[in-house]
Amino acid sequence: MPETPAFQFVDLRQQHAVAQLGMWTFLATEVLFFGNLILAYCVYRSAYPDGFAEAARHTQIAIGTANTAILLTSSFLVAWAVALVRLNAGRIAAILFAGAAALACIFLLLKGLEYRIEYTEHLVPGFFFTFGGPNQTSAWLFFSFYFVATGVHALHVGIGIVVLVVIALKARCGAYSARYHAPASVAGLYWHFVDLIWVFLFALIYLPGRAS
């Protein structure tokens, strides 16, 4: 583990604070992106409430619910791992980081299965999209949002898997301690953000129209 900070920092505490600030700044830009995407969804949903509700009922609620549980569990593992890193328990933290990465891989596998089902049901806009009834146009808008939002989110999950694996390997080698754990902490922030975005997407995509 580094005993001295990088040359541009006074001490490790300042280096950690700058790393945290950098990640929060990055997440702010991500909020702007997903926020605008969700705002557009809400505008169109208010314009076509019946069509969006009917389209939402064609999503795979079981897979969506399972993926929500998977990501929330992975977020818990990451939070636990970051806490252990600060207690100099790097080897145990490495197992937890690796476990979170494994759960993220399961998430992507289930998401791929879900995409396959929707492809076979002709629900992918631009690929022989078919939706019976008078709400075909609004359903097309719904699934356009669905594939863009979940696709971009899946990309973030993939990036997160790489980050978690790297952090796990370094933690196993004793790279982090109570004095130096900035990379693990900022990786945790990123992963919690990815999980939080999914919670919003789950509520917007899978739940509308289920009660009717």
In degrees rounded to 10, the 0-90 angle between helix 136-172 Cα long axis and the longest Cα principal axis of the chain is 20 degrees
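Sort His181, His192 by heavy-atom solvent-accessible area, probe 1.4 angstrom, most to least. Don't skip to the end; give the middle numbers.
Numbers: His181 25, His192 65 Å².
Result, largest first: His192, His181.
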Give me the log10 of I(q) over I(0) for segment 15-124 at q = 0.14, 0.16 Å⁻¹, as the Debye formula computes it from C-alpha points; what are the numbers? -0.86, -1.01
Cα centroid of segment 148-188 to Cα centroid of segment 50-83, whole Å: 20 Å
Once label points are set 7 Å from the Cα along Cα→Cβ at both Leu32 and Gln136, what is their separation, rounded to one decimal in nm? 3.9 nm
Rounded to the nearest 0.05, what FRET efficiency is calculated for Ser46 and Phe129 with R0 set to 22 Å and r the Cβ-Cβ distance? 0.45
When segment 27-76 is reduced to its Cα atoms, the Kirkwood hydrodynamic radius in Å: 13.0 Å
Peptide ranges 28-39, 145-156 listed from the most packed, as the mean C-beta count within 10 angstrom indicates: 145-156, 28-39
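How large is the translational diffusion coefficient of segment 12-205 in µm² per second when you combine the Kirkwood radius over alpha carbon pairs with Stokes-Einstein at 10 °C and 1.306 mPa s?
Working: Rh = 18.0 Å.
Calculated translational D: 88 µm²/s.
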Dipole-positive endmost among Gly174, Ala69, Phe128 within segment 12-205 (Cβ charges, Cα centre): Gly174
Determine how many Å³ per residue the convex hull of the Cα atoms of segment 70-171 encloses. 92 Å³
Using only Cα atoms, tell me the angle between helix 12-47 and the longest principal axis of the chain; keep it within 0 to 90° and round to the nearest 10. 0 degrees
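To the nearest 0.05, how large is the calculated FRET efficiency for Phe76 and Leu21 if R₀ is 30 Å and r is the Cβ-Cβ distance?
Working: r = 25 Å, r/R0 = 0.84.
Given R0 = 30 Å and the Cβ-Cβ separation, E is 0.75.
The values are calculated or read from the model by the stated rules, or taken from the named source; none is laboratory data. Everything numeric here is computed off the predicted structure, so don't read it as measured data. Counting neighbours? That spans all protein chains shown, and the Cβs are built from the backbone with ideal geometry, glycine included. The area values use the complete protein model at the heavy-atom level, side chains included, leaving out ligands, DNA and RNA. Shrake-Rupley method; radii C 1.70, N 1.55, O 1.52, S 1.80 Å.
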